[in-house]
Amino acid sequence: AQAPQKKKLVMIAGRKSHGYGQHSFKAGCMLLKKALDENVPGLETTVVLDGWPKDESILDGADGILIYSDGGAGHPYNAHLDKIDALAKKGVGLAMFHYAVEVPKGPSGDKFLQWIGGYFEPNWSVNPHWKLGESDLAKNHPITRGVQAFKTNDEWYYHMRFVPMMANVTSILSALPPKETLVKD
């Protein structure tokens with residue numbers, strides 16, 4: 001009998017864009033690669049640095065693509081919507097980390113609604129820093145296995161643009177932001 005074929009995950013780390021220690025896309029992808037390589041048998045991980053791969057053949061045979069990069073008009077997917085759409089239609093899983101959920105309203109936003117069920121829409125969504133207090137954590141989802149309730153100060157995105165009725169979207173963590181996050185500085 002043949003050994004099962006490894007699953008292939010391609011992680012795309014965006015270009016440097018923020019100050020030191022902020023949005024460290026390369027470091028985040030390298031740390032995740034190390035953790036996955038050490039703990040997930042049957043998974044082959046590859047990290048592409050500095051944005052969209054110069055050689056797109058690296059995406060051939062991918063079971064999943066994770067992107068951790070800047071968003072907005074500079075999001076690496078904006079110029080490659082047709083390529084990503086073809087991969088998604090073949091069943092390739094797509095994951096966006098943090099700022100990579102932000103794309104412009106229009107063609108990119110529409111594709112994100114199809115692919116992942118939602119996105120951060122500039123001038124609609126909100127992303128202040130605040131301390132998470134009480135929250136609802138999906139307890140019966142495989143991704144939260146072993147996760148306990150927690151409190152942390154982070155940049156939380158809310159008022160996201162989602163598909164109607166949240167169809168096929170599973171909420172993992174929900175919380176009500178404090179009133180002070182609604183006031184501009």
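The values are calculated or read from the model by the stated rules, or taken from the named source; none is laboratory data. Computed from a predicted structure; not experimentally measured. Glycine gets a Cβ as well: all are built from the backbone with ideal geometry, and neighbour counts include every protein chain shown. Surface areas here come from the heavy atoms of the whole protein model, side chains and all, with no ligands, DNA or RNA. Shrake-Rupley method; radii C 1.70, N 1.55, O 1.52, S 1.80 Å.
Ordering A167, I84, F112 by the projection of their Cα atoms onto the charge dipole of the chain, which places +1 on the Cβ of Lys and Arg and -1 on the Cβ of Asp and Glu, puts A167 at the extreme positive end. For region 50-56, 3J(HN,Hα) computed residue by residue from phi via the Karplus equation (6.51, -1.76, 1.60; θ = phi - 60°) reads 6, x, 3, x, 5, 10, 5 Hz, glycine and proline entered as x. Full extension of the segment from A73 to K151, taken as 0.36 nm per residue of separation minus the current Cα-Cα distance, would add 24.9 nm. Quick one: compute the contact order of the chain, relative version, from alpha carbon pairs under 8 angstrom and 6+ residues apart, as a percent. Once divided by the residue count of the chain, the mean separation gives 17 percent.
Taking all protein chains together, M165, M160 sort by accessible area into M165, M160, largest first [probe 1.4 Å].
Which entries of K16/K139; K89/K151; K54/K139; K89/K131; K33/K179; K139/K179 have Cα-Cα distances beyond 30 Å here? Listed pairs above 30 Å: K16/K139; K89/K151; K54/K139; K89/K131; K33/K179.
Qualifying trypsin sites (Lys or Arg not before Pro) in region 113-150, where qualification requires a DSSP coil assignment and no more than 12 other C-beta atoms within 10 Å, comprise K139, R145. Annotation: extensible slack from K89 through L173 equals 27.5 nm (criterion: 0.36 nm per residue apart, minus Cα-Cα distance).
Phi angles of region 33-47 translate, via the Karplus equation with coefficients 6.51, -1.76, 1.60 and θ = phi - 60°, into HN-Hα couplings of 4, 4, 5, 5, 4, 7, 10, 10, x, x, 10, 9, 10, 9, 10 Hz per residue; Gly and Pro are given as x. Residue-wise HN-Hα couplings along region 110-118, as the Karplus relation 6.51 cos²θ - 1.76 cosθ + 1.60 with θ = phi - 60° gives them from phi, are 4, 5, 4, 4, 5, 6, 10, x, x Hz; Gly and Pro carry x. Spin-label model, S135 to T46: label points 7 Å out along the Cα-to-beta-carbon direction sit 3.3 nm apart. Each Lys and Arg contributes +1 and each Asp and Glu -1, all at the Cβ; summed about the Cα centre of region 79-156, the dipole is approximately 300 debye.
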